[in-house]
Every structure is written in C-alpha cells, then in structure tokens.
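Reviewing the structure listed below.
The values are calculated or read from the model by the stated rules, or taken from the named source; none is laboratory data. It should be emphasised that the depicted structure is a prediction, and the values quoted were computed from it without experimental measurement. Neighbour counts are summed over all protein chains in view; Cβ atoms, including those assigned to glycine, are modelled from backbone coordinates with ideal geometry. Accessible surface areas use protein heavy atoms only, side chains included; no ligands, DNA or RNA. Shrake-Rupley method; radii C 1.70, N 1.55, O 1.52, S 1.80 Å.
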Amino acid sequence: MTERGKFIVVEGLDGVGKTTTINRLAERLQAAKLKTPPDEIASIREQCATSTTAELRLHYYMLGNYLVAEEIKKRLAAGENVVLDRFYASTMAYMWGFGRLPFSNTDWPPNLLRPDYTFVLNLPRDARIERLAARTTIAHTAEELKLKIAPDIEERVLDYYGRFGCTDVAITPDMTTDQICDSICAYITEHPVV
C-alpha cells in the first residue's frame, strides 16, 4: 500500500515571499505545487473577486478551495506530497480582516480536506510594503492597496491566521529562501504527521 503524501499550505500576506518559498519548498520535498483558486475557475475570478457582494467573493474562494482539495486528495492517495499556495485559512482571514464576515468562525468545514501543516510567512510590515512597491510584473490588487494604507486590516488578517492555529514563520528581509525552507522543513521533521 502506498504511503499517503503530506499536505502543506503556505499562507501569508502579499509580498512576504510565498511564491518563491513555495517553489523552493516543492523542489525540496519533491512535491506537487498547486494554488487556489485553481485555473479551472480563473475565467470568473475578476467578476467574483472584485464583487461588492461579500457572499459572492466568499463563495468563489470556497469553490476554489473545494476544487483544489479534490485534486490534492488524489495526489496524496498516490503518495505524492503537495505544497499549496493559500487555502481555507486565507479565505477566512482575508474575509474577516477586511470586515466581510460578520463573525469570527475558526471552525474547519468538516467536509473540506484539512492540511497536515499550515505555515504563515510573517515579514515585518515595512519590508513587505517595500517588496510590493518594487513589483513591476504583477498587478497590485485592491486588497494589497488597502493593506498598504490600513495596518489595522493587516493585524486582523494575521490575528485570524493565529486563531486558526497556523504555524507562524517569522522571516526577515535578509533571510534567503533556503533559510525559510530550512525552518519549515525542520518543523515538519520535528512534528511528524501521525
């Protein structure tokens, strides 16, 4: 029987280095690299993600979570490790942080695959904003712009990740991607899934 793979999620605010870290982590763990929302629903992203209706945004991101979870289940059953760029904790943290949820629900949906590990990359605010300002190839989202001018929203989002029990990975601007991955891999080794 094939041993089940590990399901690892990397969360964090825009500009902390998620994509670079996920790419390197997937290489190290010989893992599939996935993202949410998945490409299957990319054609409706602009309409849903920018809607003024909070419910439409929430349901769009939840649909993405459930779709990618189905793919992850197949890969894990085949013994493959999976590293995912954002998942349910981000959906809820951002909805809460931006005041789009009237309640703070940290219960995991019983029918949604739960990650073995969820890491939140946490870079000091000034360094994160500096990185965002330096971006030239990636369009700035409305959420990024609001986070830049509203530290209270950033605090709410990060607080929500903590409520979910995500593992905080404190990083500094001078840390290399390998050092960040070393920290994550050490945690995985020290806390094996049972």
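Indicate the gyration tensor shape class of the range 96-193 (rounded, prolate or oblate), computed on the Cα atoms with a ≥ b ≥ c the square roots of the eigenvalues: a/c under 1.5 is rounded; otherwise a/b larger than b/c is prolate and the rest oblate. Oblate, since a/c reaches 1.5 and b/c is not below a/b.
I need the calculated FRET efficiency for the pair Ala127 and Tyr187, taking r as the beta carbon distance and R₀ as 22 Å, to the nearest 0.05.
Numbers: r = 22 Å, r/R0 = 1.00.
With a Förster radius of 22 Å, E is 0.50.
Taking Lys146, Lys73, Lys33 as the candidate residues, the one with maximal mean-square fluctuation in a Gaussian network model of the chain, Cα springs under 10 Å, is Lys146. For Val194 and Leu67, the difference between the fully extended length at 0.36 nm per residue and the C-alpha to C-alpha distance is 43.2 nm. On full extension, the segment bounded by Trp108 and Lys146 gains 11.0 nm, given 0.36 nm per residue less the C-alpha separation.
Using a 1.4 Å probe on the protein chains only, how many percent of the accessible area of the range 74-194 belongs to carbon and sulfur? Exposed carbon and sulfur together represent 53 percent of the surface.
For the range 1-122, the relative contact order comes to 48 percent (Cα pairs under 8 Å, sequence separation of at least 6). Between Thr2 and Leu56, the distance separating the two model label sites (each 7 Å from Cα on the Cα→Cβ line) works out to 4.0 nm.
Please give the per residue accessible area of the chain, computed with a probe of 1.4 Å over protein heavy atoms only, in Å². Please list the in-between numbers first.
Values: 10240 Å² over 194 residues.
Value returned for the chain: 53 Å² of accessible area per residue.
Amide H to amide H distances under 5 Å link Asn81 with Lys6, Ala32, where only residues 5 or more positions off or on other chains count and H is placed in the peptide plane. When +1 charges are put on Lys and Arg Cβ atoms and -1 charges on Asp and Glu Cβ atoms, the dipole computed for the chain relative to its Cα centre reaches about 280 debye. If you take the alpha carbon atoms of the chain and fit the smallest convex hull around them, that volume is 124 Å³ per residue. For Ala170 and Ala49, the FRET efficiency from 1/(1 + (r/R0)^6), where r spans their Cβ atoms and R0 equals 30 Å, is about 0.55.
By the helix-only formula, in which each DSSP H run with n ≥ 4 contributes -39500 (n - 2.57) and the sum is divided by residues, the chain has a 222 nm mean residue ellipticity of -15000 deg cm²/dmol.
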